[in-house]
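Enquirer: Structure provided below as structure tokens; questions to follow.
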Amino acid sequence: MMENKKKAIYTFIGIILAIALTSLGMKYLGSKHLDGTRLITDSIPTPLQQHIAKDTLRHDSVKPHVDSTYYIKGSVKDTAGMAMPGVVVSDGYSCVKTNQKGEYAFKRHKNAKFIYYTVPADCEVPTHSATDNTAYFYQRTSTQKRVYNFVLKRLPGGKETNYRMIVIGDPQVTNAYSPYYTDASDNPIQKSDVQRFTEETMVDIKNTISKLPEGTPVYGISMGDDVQYYGGYNSKLERQIREALGSSRMKVFSVIGNHDQDGKELYKNKWEESWGPTDYSFDRGDVHYVCFNNVHFVKGSYYQPGELSLSQMNWLRQDLKLVPKNKKVILNYHIPFTFGNRPKDKRTPLNIPTEKGHYYSSKLIEILHLLAPFRGGYELFCGHTHFAVNHEINYHGLNILEHCHAAACGNIWQSNVNILGEPNGYYVYNFSSTDILNCYYKSTFMDANIQMTLFRSDTDFNGEKYQNDWTMPQDSSVLIANVFNADSKWRIVAIEDGQEYPMTRLSGLGQDAFAAGYHHKYAQSVSYWFVSKNNGFLIMNHLYYYVPKNKNTEIIVKAYDRYGNIYTCSSKQVITEPYKNYAHYYNASDILKTKIETALYEKKANEKATDNKTSNSKDSLMKNNGSKDSSKIRNANKDTTRVRKSSKDSSRVK
């Protein structure tokens with residue numbers, strides 16, 4: 001009997017212990033991925049084991065543990081003090097959403113430098129100042145700080161479904177004075193890169209903005225390499241280019257490039273000091289933009305194609321997991337993912353006969369897997385190349401298009417032309433919901449309709465000829481068209497004697513004879529090798545040629561883009577030498593016209609701002625007078641006072 005009692009007691013104790021151990025085990029497993037890695041970790045699961053980011057505050061009563069150095073909390077509210085639920089907050093390692101009270105909490109990573117949020121589509125992009133419209137959506141971390149609160153300003157009309165996005169490739173200002181010419185002479189002008197960017201690129205961008213319908217929202221992204229410390233380190237350089245980029249009314253974001261870092265912590269810190277986190281996201285309209293640092297240095301150099309670390313991939317998965325799948329996603333980074341000739345760990349070669357020596361990024365397939373669920377589609381935006389190429393590949397059965405944006409600085413401010421023939425410039429995208437309604441390349445100080453240049457295949461540009469570089473008929477009359485922003489969806493034709501003929505597309509490794517010939521003489525900031533056919537990184541796919549039936553007939557080249565635009569150019573406009581044109585100096589009348597138009601626009605904008613300020617002052621005065629009157633009413637009728645107070649609160653919400 002006693003033995004039975006003992007057995008029963010031991011059995012009961014065993015059951016209790018089993019339940020307790022099971023509970024502890026479930027709790028422990030619940031804090032891990034399927035592969036055993038913790039929620040906040042540098043280890044990442046496979047694509048099929050994606051981390052599911054969730055709100056950290058499941059119940060409003062739950063409070064974070066503030067006894068740890070790394071546990072933080074905070075709130076996100078609008079300017080009226082109203083809670084903003086569903087806003088994503090991050091430290092660059094983890095992503096969480098605010099709860100119904102606009103609160104969040106999580107254990108930040110010990111290496112996190114910033115706490116920041118994804119700017120919601122229905123809120124304004126906060127900026128550094130009234131005169132510096134670069135994005136400012138972050139706070140620096142501090143071991144002494146546990147609470148990070150944010151206040152967002154709602155857009156008066158709600159989410160903007162129609163807006164412009166200006167994409168700027170590689171501003172890359174330096175401390176050196178590169179060759180710069182204002183006429184056909186060989187007498188260079190001493191002007192800094194920052195001056196040139198400010199007085200050329202930004203003046204032209206302001207002019208482009210001035211021609212948009214009034215009230216059109218305008219945003220911008222710099223694709224990295226904002227600076228290069230060529231000519232010596234300058235601690236002010238990153239701030240100078242940021243303020244130049246922020247000098248128009250467009251709100252500007254940036255990714256970080258290889259020259260913003262060059263493998264030095266000091267340089268990277270300077271970029272972060274000016275721009276904030278390197279991995280972040282923001283929403284505009286129905287598009288989710290993700291920006292990240294895909295430059296990873298090894299043995300004094302960096303990987304081409306670009307790469308992401310395990311912790312970055314973990315962060316990217318969390319960020320995208322919290323995005324509604326009806327949106328479009330645009331990834332923004334510096335180095336292309338779809339080609340490069342300094343691969344990590346001998347990754348998969350492209351296996352494209354015309355692009356030998358080029359590889360895919362080791363992270364490309366996983367990134368595409370993450371993008372696949374988005375019904376609005378996705379785009380891949382990068383810079384780095386100093387040439388325009390819409391790179392199209394077939395990867396694991398998927399047709400991929402990566403937009404590599406030409407550099408605003410061209411060949412690092414030592415000319416007005418990129419290394420594959422595109423003029424210095426930038427891109428203008430027109431978004432409506434998840435659709436790109438239009439995109440065009442805007443060459444600095446040139447008409448927006450100029451989208452190509454024409455040459456003859458046998459023209460000698462300082463020892464460089466198209467017919468020597470590319471396989472084509474050896475005929476002196478062959479007409480070459482360099483169509484700056486073309487891709488496979490463009491249709492390029494030559495019209496001779498009223499008859500339309502398709503032009504033949506050239507694609508592969510190689511140079512542009514016009515640009516190479518110019519830099520053959522004037523390259524100083526970089527070696528001539530950089531722009532020549534010896535540089536195996538160069539990929540050209542927007543050259544077209546046509547062999548005329550009659551050598552003396554005028555040929556009209558028409559380019560039909562994927563957005564319904566038609567651009568034309570005549571064979572009478574062929575460039576026959578690399579000077580006396582935009583490569584060497586801009587047309588003085590074009591510069592003057594642009595500057596006058598821009599000055600008039602800025603004057604009008606300033607007058608409008610002054611009028612608004614005066615109007616606001618009057619409104620403020622009337623409100624003050626009204627408050628005096630209401631104080632009398634307050635003494636007479638307390639209920640009326642409460643109504644008036646409620647009315648004021650609601651006006652702030654608007």
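Enquirer: Please report Rg (one decimal) and Dmax (integer) in Å for the Cα set of the range 192-276.
Expert: 13.8, 44
Enquirer: Take the alpha carbon atoms of the range 67-115, find their center, do the same for the range 300-354, and report the distance between the two centers in whole angstrom.
Expert: Cα centroid to Cα centroid, the span is 27 Å.
Enquirer: Would you mind checking Lys251/Lys346; Lys442/Lys572; Lys206/Lys270; Lys77/Lys113 for any pair whose Cα atoms are more than 31 angstrom apart? Let's see the in-between values first.
Expert: Values: Lys251/Lys346 40 Å; Lys442/Lys572 22 Å; Lys206/Lys270 27 Å; Lys77/Lys113 22 Å.
Distance filter (> 31 Å) returns Lys251/Lys346.
Enquirer: Given R₀ = 30 Å, what would the calculated FRET efficiency be for Asn175 paired with Lys521, taking r from the Cβ atoms and rounding to 0.05?
Expert: Details: r = 23 Å, r/R0 = 0.78.
According to the calculation, E is roughly 0.80.
Enquirer: Another question, then. So what's the Cα pair-distance distribution over the range 357-458, bin width 5 Å, in %?
Expert: Per 5 Å bin, starting at zero, the Cα-Cα P(r) for the range 357-458 comes out as 2, 10, 17, 20, 17, 16, 11, 6, 2, 0 percent.
Enquirer: In addition: What share of all Cα pairs of the range 493-543, in percent, falls into each consecutive 5 Å distance bin?
Expert: Pairs per bin, as whole percents: 4, 20, 19, 17, 12, 10, 8, 6, 3, 0.
Enquirer: If you take the Cα Rg of the range 259-364 and divide it by 2.2 N^0.38 Å, with N the number of residues, what do you get? Could you put the intermediate results ahead of the total?
Expert: Details: Rg = 15.3 Å, N = 106, 2.2 N^0.38 = 12.9 Å.
Normalised by 2.2 N^0.38 Å, the Cα Rg of the range 259-364 equals 1.18.
Enquirer: Continuing with the same structure: Taking 1 over the mean of 1/r across every pair of different Cα atoms in the range 128-257, what Kirkwood radius in Å do you get?
Expert: 17.0
Enquirer: Exactly which trypsin sites (Lys or Arg not before Pro) in the range 352-444 are in a DSSP loop and have at most 16 other Cβ atoms within 10 Å? Present the calculation step by step, with values, prior to reporting the outcome.
Expert: Details: sites: Lys356, Lys363, Arg375, Lys442; in loops: Lys356, Lys363, Arg375.
Here the sparse-neighbourhood loop sites are Lys356, Arg375.
Enquirer: Could you give the Stokes-Einstein D for the range 314-360 in µm² per second, using the C-alpha Kirkwood radius, 25 °C, 0.890 mPa s? List each step's numbers first, then the result.
Expert: Values: Rh = 13.2 Å.
Answer from the Stokes-Einstein relation: 187 µm²/s.
Enquirer: Three principal axis extents, largest first, for the C-alpha atoms of the range 413-495, in Å?
Expert: So the three principal-axis extents are 48, 33, 19 Å.
Enquirer: Roughly speaking, what is the stretch gain from Ser488 to Lys593, that is 0.36 nm per residue apart minus the C-alpha to C-alpha distance, in nm to one decimal?
Expert: Gain on stretching Ser488 to Lys593: 34.3 nm.
Enquirer: Note the full-extension length gain between Gln499 and Gln573 as 0.36 nm times their separation in residues minus their Cα-Cα distance, in nm to one decimal.
Expert: The span from Gln499 to Gln573 would gain 24.7 nm if fully extended.
Enquirer: With a 10 Å radius around each residue's Cβ, average the other Cβ atoms per peptide and rank 420-429, 542-551, highest first.
Expert: Values: 420-429: 25.6, 542-551: 18.9.
Top of the packing list down: 420-429, 542-551.
Enquirer: Let me ask another. Could you tell me the largest-minus-smallest coordinate of the C-alpha atoms of the range 292-341 on each of the three principal axes, in descending order and whole angstroms?
Expert: The principal-axis extents, from largest down, are 40, 21, 11 Å.
Enquirer: Label points 7 Å out from Cα along the Cβ direction at Glu602 and Glu160: separation in nm?
Expert: 2.1
Enquirer: What percentage of all Cα-Cα pairs in the range 259-300 are separated by more than 12 Å?
Expert: Percent of Cα pairs beyond 12 Å in the range 259-300: 66.
Enquirer: Evaluate the Debye formula for the range 391-539 with equal point scatterers sitting on the alpha carbons, no solvent, and hand back log10 of I(q)/I(0) at q = 0.11, 0.13, 0.21 Å⁻¹, in q order, two decimals.
Expert: -0.49, -0.68, -1.51
Enquirer: Please report, in whole Å³, the volume per residue of the convex hull around the C-alpha atoms of the range 307-408.
Expert: 107
Enquirer: Label Lys325 and Ser476 with points 7 Å out from Cα along Cα→Cβ: what is the distance between them in nm?
Expert: Those two pseudo-labels are separated by 6.4 nm.
Enquirer: Another question, then. Rg(Cα) of the range 494-618 divided by 2.2 N^0.38 Å?
Expert: 1.61
FYI, it's all coordinate maths here, none of it is from the lab. Model, not experiment: these values are computed from the prediction. Note that each Cβ is placed from the backbone with ideal geometry, even for glycine, and that neighbours are counted across all protein chains shown.
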